[in-house]
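Notes to accompany the following structure.
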Amino acid sequence: MDSKTLAQFIEATDGISKPWLLVQLRIKKLQEQRDTMTQDAYMAELAELHQQLMNLGEWWIGREDEAFGPLPGSE
């Protein structure tokens, strides 16, 4: 799934209110830009995204099925 498809999924499923999906979208976009970045710039961006994900805390507790279940249509 590319970033455009992921963005459409997030939009269609009202995922804009789910910060873990937004971090996932940013990671996908970063992966797509990797070939145009220096290794240091890529690693710095990746470290920043990792920190933002860690700052979300244990957001999945009580939402395991929603957060970690299969994407709709992928079954």
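Couple of notes before you dig in:
- Qualifying residue in segment 53-63 (condition: at pLDDT 95 or above, surrounded by fewer than 11 Cβ atoms within 10 Å (Cβ to Cβ) and part of a loop (DSSP other than H, G, I, E, B)): no
- Flag if ALA67 is small (Gly, Ala, Ser), surrounded by 12 or more Cβ atoms within 10 Å (Cβ to Cβ) and in contact (Cβ under 8 Å) with a residue 40 or more places away in the chain: yes
- For segment 1-52, a tally of residues being assigned to a loop (DSSP other than H, G, I, E, B) and either over 21 Å from GLU66 (Cα atoms) or under 12 Å from the mean Cα position of the chain (by Cα) (or both) returns 5.
- Evaluating LEU30 against the criteria (1) surrounded by 15 or more Cβ atoms within 10 Å (Cβ to Cβ); (2) at pLDDT below 95 leaves one unmet condition, (2).
- Beta carbons closer than 9 Å, at least 6 apart along the sequence or on distinct chains, pair a first residue in segment 38-61 that is closer than 15 Å to GLN24 by Cβ with a second that is of a type outside the set (Ser, Thr, Tyr) and not in a helix (DSSP H, G or I) for GLU45/MET37; TRP59/LYS18.
The values are calculated or read from the model by the stated rules, or taken from the named source; none is laboratory data. Keep in mind it's a predicted model, so treat the numbers as computed, not measured. Heads up, the Cβs are rebuilt from the backbone with ideal geometry, glycines too, and the neighbour counts pull from every protein chain shown.
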